[in-house]
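Shown next, in structure tokens, is the structure this report addresses.
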């Protein structure tokens, strides 16, 4: 991230590691946001997930979307730094360790074809490919399709984001047999409101999938 030397390929130098907010300890079991230690039991939920339950059953993120974490995401997403996907996927796989069922299928959140044509790659697919390899689970890069190009979600309210993405994502008709009855791990770069991942989760459930879990490289958290 800083241009300095590192001891091995696909790694962070000491100062960049220090300035990257890795998530650990007590987090919301549904959306991965960090929580203040306390309470009873092994499962913790944030106020947002208690008030509005997510359609997926469990979610984790590797880092917070701030400082070096934000730079990592933006460099992968818009800066053609595709090599970032390799270490990022390792952090994500570690965050999901022990949570996935053996027959889970790993799927990326899709880009609309017009955005894919412009960007040349789907950063979520790069992350999902490496996560599946590290976790040993099946991977399908095109199980989901984005049928409608939606406007950028930046600046939209929570409700506007969800309304914009309603029915925009569906399971590919030729991949439905791979999804039916199987648990799913959805992979994306950032979890903000959760609107995109909710739409993708609902598409899987509508196609008859099993339980859906999600993992992202970064989690946006206002108060973290």
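The values are calculated or read from the model by the stated rules, or taken from the named source; none is laboratory data. Nothing here was measured: the structure is a model prediction, and the numbers come from that model. Glycine gets a Cβ as well: all are built from the backbone with ideal geometry, and neighbour counts include every protein chain shown.
Numbers at a glance
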{"item": "Condition broken by residue 56, with the remaining ones in (1) over 22 Å from residue 16 (Cβ atoms); (2) out of contact with any strand residue (DSSP E or B) (no Cβ under 6 Å at 6 or more places or on another chain) satisfied", "result": "(2)"}
{"item": "Residue pairs meeting the criteria (Cβ under 9 Å; at least 6 apart or on separate chains; first on the phi > 0 side of the Ramachandran plot, in the range 198-209; second at pLDDT 95 or above and in a helix (DSSP H, G or I))", "result": "208/176; 208/179"}
{"item": "Scope the range 183-212; condition more than 19 Å from residue 150 (Cβ to Cβ), out of contact with any helix residue (DSSP H, G or I) (no Cβ under 9 Å at 6 or more places or on another chain) and crowded, with 20+ Cβ neighbours inside 10 Å; matching residues", "result": "none"}
{"item": "Residue 81 being closer than 21 Å to residue 210 by Cα and without any contact (Cβ under 8 Å) to a residue 12 or more places away in the chain", "result": "no"}
{"item": "Meets criteria (out of contact with any helix residue (DSSP H, G or I) (no Cβ under 7 Å at 6 or more places or on another chain) and closer than 24 Å to residue 126 by Cβ) for residue 25", "result": "no"}
{"item": "Selected residue (only one of 108, 87 is closer than 28 Å to residue 34 by Cβ and in contact with a helix residue (DSSP H, G or I) (Cβ under 6 Å, 6 or more places away or on another chain))", "result": "108"}
{"item": "Test: residue 133 is at pLDDT below 90 and at negative phi", "result": "no"}
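Quick grid of which residues meet (1) on the phi > 0 side of the Ramachandran plot; (2) buried (at least 17 other Cβ atoms within 10 Å of the Cβ); (3) in a strand (DSSP E or B):
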site	(1), (2), (3)
17	no, no, no
31	no, yes, no
36	no, no, no
44	no, yes, no
49	no, yes, no
62	no, yes, yes
